[in-house]
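Asker: Please read through the structure below; I'll follow up with questions.
The values are calculated or read from the model by the stated rules, or taken from the named source; none is laboratory data. No experiment lies behind these values; they were computed from the predicted model shown. A quick note on method: Cβ atoms are made from the backbone with ideal geometry, for glycine too, and the neighbour counts reach across all protein chains shown.
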Amino acid sequence: MKQTGYKYSIGVDIGGTNVTVALVDMKGVIVNKIKYSANVLEKEELFVHHVAVQLSEIVDGVPINSVQGIGVGSAGLIDHGKGEIKCSPNMYKKKFPFVSMLKKKIRRNNLSKLPIFLENDANVAAWGAYQLEVPAAVNDVVCVTMGTGVGGGIIIDGEIYHGSNGLAGEIGHVTINTEGPRCNCGSNGCLEKYIGAGAIVERTVEEIKKGRKTKITGLVKGKLNKITPKIIAEAARKNDSLANNIWEETGEYLGIALAGIINVLNPEVVVFSGGVSRAGNLFLEPMKRVIRKRSFVSKRKPINYIISKLGDDLGVVGAALLVRQIKKGSDLNI
Ligand SMILES: [Zn+2]
């Protein structure tokens, strides 16, 4: 293993309401972290200024030649080659040249020499999981991020697969029901409309309103607007039949989409991250059943399904690890 002399890299995770900046060591451990709320609709100039201020803060007292670079993960459509946030449904409607603006902002300080990498948040999650949570010999990975939205990141032969214009990995918008509900993407019956956090809750509330008895009602003291996937998982672990049905369906829907993806990409590992993924076996078991039935590719070699243990930190740690733009196991790896 070649000694590079670098000890750290910096990760920036741009979410819908918060920005997290962290100094991360070469093993992916967070050494220092700053999280602040940011209105991403504030003027781009001001937004970049705030990021620059926090970057200076996070490396305060750290020799800059021990830092390898800065990795940034952001929601939305990203042009990673140009370093631009092209469009984001909840954020910027127009092109935001984030990397060039940030470089300009830090050109007079000690951060100016550091390379900056920008990727979308699902690719960052996939990259972080690939670097830290997937067995060393594995280089073909699909990562499904399960939260309010459903995203995907694809690693092929040890590299993030971007597709022809950076849009690869939109697993949430795979059709699983041609007659299904309308989706914001313009299609209908997309996976996200069935297994996004909101969709899971909606299906549960509908059943309760139809008069179905469940422990969920007690867990939220009758306030149906307090139901979350976490509460539904809690009820399922107490053998609640409605909650179990909901996770069973969720796993089956996910299995339908993944069976197709596995047939196309033949990954060795599939990683699940995001809040909804914490339900773990509640959806994994029914999902695996459907995949076994629908994907002949999965039968040729068993697929390893992993729930990410990095939780909310996966975004910022994965971003920091973007500075490792080389395949695991290569002699330049650190
Ligand atoms: Zn869609």
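Asker: Given the criterion in a strand (DSSP E or B), in contact with a helix residue (DSSP H, G or I) (Cβ under 9 Å, 6 or more places away or on another chain) and either away from the ligand (no atom under 16 Å from the Cβ) or at negative phi (or both), identify the matching residue among GLY128, GLY172, GLY180, GLY151.
Answerer: Just a single option satisfies the conditions, and that option is GLY151.
Asker: If you don't mind, there's one more thing I want to ask. Does any residue of segment 238-253 turn out to be of a type outside the set (Gly, Ala, Ser), in contact (Cβ under 8 Å) with a residue 60 or more places away in the chain, in the same structural domain as LYS293 (by TED's automatic domain parsing) and closer than 30 Å to VAL297 by Cβ?
Answerer: Among the residues of segment 238-253, at least one is of a type outside the set (Gly, Ala, Ser), in contact (Cβ under 8 Å) with a residue 60 or more places away in the chain, in the same structural domain as LYS293 (by TED's automatic domain parsing) and closer than 30 Å to VAL297 by Cβ, which makes the answer yes.
Asker: Identify, please: which residue in segment 3-32 is over 19 Å from the mean Cα position of the chain (by Cα) and of a type in the set (D, E, K, R) and is, among those, surrounded by the most Cβ atoms within 10 Å (Cβ to Cβ)?
Answerer: LYS7
Asker: Kindly indicate whether ASP331 is acidic (Asp, Glu), under 22 Å from the mean Cα position of the chain (by Cα) and either within 18 Å of ASN139 (Cβ to Cβ) or at pLDDT below 95 (or both).
Answerer: no
Asker: Only one of these is at negative phi, in contact with a strand residue (DSSP E or B) (Cβ under 8 Å, 6 or more places away or on another chain) and part of a loop (DSSP other than H, G, I, E, B): LYS82, LYS103, LYS86, LYS94. Name it.
Answerer: Result of the check over LYS82, LYS103, LYS86, LYS94: LYS94.
Asker: Restricting to segment 281-323, name every residue that is in contact (Cβ under 8 Å) with a residue 24 or more places away in the chain, of a type in the set (S, T, N, Q) and surrounded by fewer than 19 Cβ atoms within 10 Å (Cβ to Cβ).
Answerer: Once the filter is applied, which keeps residues that are in contact (Cβ under 8 Å) with a residue 24 or more places away in the chain, of a type in the set (S, T, N, Q) and surrounded by fewer than 19 Cβ atoms within 10 Å (Cβ to Cβ), segment 281-323 yields only ASN304.
Asker: Give me a count of the residues in segment 158-169 that are part of a loop (DSSP other than H, G, I, E, B) and away from the ligand (no atom under 16 Å from the Cβ).
Answerer: Number satisfying all stated conditions: 7.
Asker: Please go through segment 38-64 and pick out each residue that is in a loop (DSSP other than H, G, I, E, B) and either of a type outside the set (Gly, Ala, Ser) or crowded, with 18+ Cβ neighbours inside 10 Å (or both).
Answerer: ALA38, ASN39, VAL40, LEU41, GLU42, LYS43, VAL59, ASP60, VAL62, PRO63
Asker: To continue, here is another question. Say we look at segment 136-148 and pick out the residues that are assigned to a loop (DSSP other than H, G, I, E, B) and not aliphatic (A, V, I, L, M); which of these is farthest from the ligand (Cβ to nearest atom)?
Answerer: ASN139
Asker: Could you tell me which numbered condition ALA235 fails, if it satisfies all but one of (1) touching a residue at least 24 places away in the same chain (Cβ under 8 Å); (2) buried (at least 20 other Cβ atoms within 10 Å of the Cβ)?
Answerer: So the condition that ALA235 fails would be (1).
Asker: Select, from GLU192, GLU159, GLU170, the only residue that is under 18 Å from the mean Cα position of the chain (by Cα), among the charged types (D, E, K, R), over 20 Å from THR250 (Cβ atoms) and not assigned by TED's automatic domain parsing to the domain that holds CYS87.
Answerer: Of GLU192, GLU159, GLU170, the one residue that is under 18 Å from the mean Cα position of the chain (by Cα), among the charged types (D, E, K, R), over 20 Å from THR250 (Cβ atoms) and not assigned by TED's automatic domain parsing to the domain that holds CYS87 is GLU159.
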